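Quick notes on the structure that follows.
The values are calculated or read from the model by the stated rules, or taken from the named source; none is laboratory data. Just so it is clear, the structure is predicted and the values come from calculations on it, not from any experiment. For neighbour counting, all protein chains shown are included, and Cβ atoms are generated from backbone atoms with ideal geometry for every residue, glycine included. The accessibility values were calculated without ligands, DNA or RNA, using every heavy atom of the protein model including side chains. Shrake-Rupley method; radii C 1.70, N 1.55, O 1.52, S 1.80 Å.
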Amino acid sequence: MGSSDVSVGDATAPPCILYVSATGTVDGHTAYPTLQEGIDAAGPGDVLCVASGSYHEHIAITRSGAAGSPITIRGLDPSNHPRVDGEYTLPGGSPGNFGVGAADCLEVYEDPNANQGPFPRQACFAWGGLVEILGSHVVWDGIDVVRSRGGGMVVGDFAATGLAFRDVRLLRTEIAGVRENGLYVAHSEDVAIQELRLHDAVDYALYDRAAGDINWAGGVYLGGGSQNVELADSAVYHVVGEAGATAIN
């Protein structure tokens, strides 16, 4: 596949190889209609450029790049970020689904503030992230993640052992309006997070309303023995949960 010049945005950004747009084209280039389809087609060294707009998807990046040749997924226009929008319906199943699994919808109760999605009076909660990076040598740049019924972004796998993932860069991203951890890094090393704006991570999942027992969300949460995780030039605020902004277990 040949590359093309960046037609919109940062002239210093790597040239686009693949495109994503809900319209199916970007400046004459054929584009994948969903982020997941574009990600599934990308390989080491590819740059997937995402047109501005809203993408209602649960994203799982299960492919890896290579050292010096990462898979780069970036917004095409740095002044108008595309956004992965869960609309408080993703990830997870229907309210009342109490099965076992990270994406299941748990702890349903009546909540007048949960006014988004098809079940306006029920606060549904899922453990999983709306965007999950389950690969190494991956760059996520300038694509926002909002209104998740679970977490915002997860780098790595809760169930992994050792340091299973490495060399992940999360750049120029806003994570907002999520019901679990804003950003969870698990079993990963050499993770660089720059210019992150993370806010309004609030957990609606009350286990016992009468007792006031709540499963607290976190802002940036490091788990699974992750190493060499750098957070720079970022803002984390409006977090109801463990340590307010960050927690390390």
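Quick notes on this one:
- Against the test of being in contact with a Cys (Cβ under 8 Å, 6 or more places away or on another chain) and at pLDDT below 90, the options A126, A159 yield a single qualifying residue, A126.
- Scanning segment 127-138 for residues that are over 8 Å from the mean Cα position of the chain (by Cα) and open to solvent by 10 Å² or more (accessible area, probe 1.4 Å) yields a total of 4.
- Looking only at segment 192-249, and only at residues there that are at pLDDT 90 or above and either in contact with a Cys (Cβ under 8 Å, 6 or more places away or on another chain) or of a type in the set (S, T, N, Q) (or both), the one that is least open to solvent (accessible area, probe 1.4 Å): S226
- Matching entry among D85, D5, D10, D46 (being surrounded by 14 or more Cβ atoms within 10 Å (Cβ to Cβ), at pLDDT below 95 and acidic (D, E)): D10
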